[in-house]
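Right, one structure below, let's go through it.
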Amino acid sequence: MKKSTYTSVFLALLVGLVFTSCVSNKKFNASEDRANRLQNENERTLSQLNESEFQLVKLKEENEAIKNEYATIQNDLMILSSESKMTIKDQAERLKSLQDMMQIQTDKTENLRKSISKALMNYNTDELNVYQKDGKVYVSLSEKLLFKSGSDVVDPKGKEALKSLSTVLNSSKDFTVAIEGHTDDVPIKTARFKDNWDLSTARASSIVRILTVDNGFDAARITSSGRGEFHPLNPNSTAEERAENRRTEIILSPDLQEIYKLLYSEN
């Protein structure tokens, strides 16, 4: 009986030790997991702090650059203001004069376009086209009106059109004239023309001679150039598109010297 009692006590102590050991291991593991989580959170916090410090430095640098640029602009404005001999009233008057001159030039350009359109009204749209673009007047003459295929000799009907045009040009002293020859992308090589550059240049020169030699236009106000196939109106994918690309353009540009003088004068 006594021996049985000792045995029971021993078993109870053994079970108590095992249970205590299990509880201690669980607490240790839980503490270790918590320590790891805290370590990871600490590392993330440090990383975010470093990134914030980097962004702060970057923002300070950008702010400093903006301040320097602003200071430079302010300094330039002060220099310009000190160098300017014009009062606010003078500047307003110059601006008004500039606007008036530009409006006058715009009206002249529009009147020129109307006069040319009226002079050439008997020709079809597939022969010529008159339009205004970027402050200039364009007269686009088709190959059909001016030349036979592969030739730079102007047909009689084309000469009549150029004669009508020159009547308007000779009465318009405030414009300069540029002649541009254009072709399609079909290669040409003849005894006279090595390529489309040659053909387009020769055609432009033929127009210049008719306007100046035959019809008295001031040669000092006119230039010519050949642009070959490199400035097409259309993609050259059909016969109709290629026909539209074969053209000679007469470009009338207003004389802007007086506007430039007013714009860039110091006083």
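At what distance in angstrom do the alpha carbon centres of region 179-254 and region 135-167 lie from each other?
Using only Cα atoms, the two centres lie 10 Å from each other.
Each residue of region 142-147 in order: what ³J(HN,Hα) in whole Hz does its phi give by Karplus 6.51 cos²θ - 1.76 cosθ + 1.60, θ = phi - 60°, with x for Gly and Pro?
6, 4, 4, 7, 9, 9
By its C-alpha gyration tensor, with a ≥ b ≥ c as the square roots of the eigenvalues, how is region 91-260 shaped: rounded for a/c under 1.5, else prolate for a/b larger than b/c, else oblate?
Because a/c hits 1.5 or more and a/b exceeds b/c, region 91-260 counts as prolate.
Using 30 Å as the Cα-Cα cut-off, could you pick out the over-long pairs in LYS136/LYS157; LYS96/LYS118; LYS159/LYS189; LYS108/LYS163; LYS96/LYS163?
LYS96/LYS118; LYS96/LYS163
Taken together, the values in this text are just the output of simple stated rules run on the coordinates, not laboratory data. This is a predicted model, so every value here is computed, not measured.
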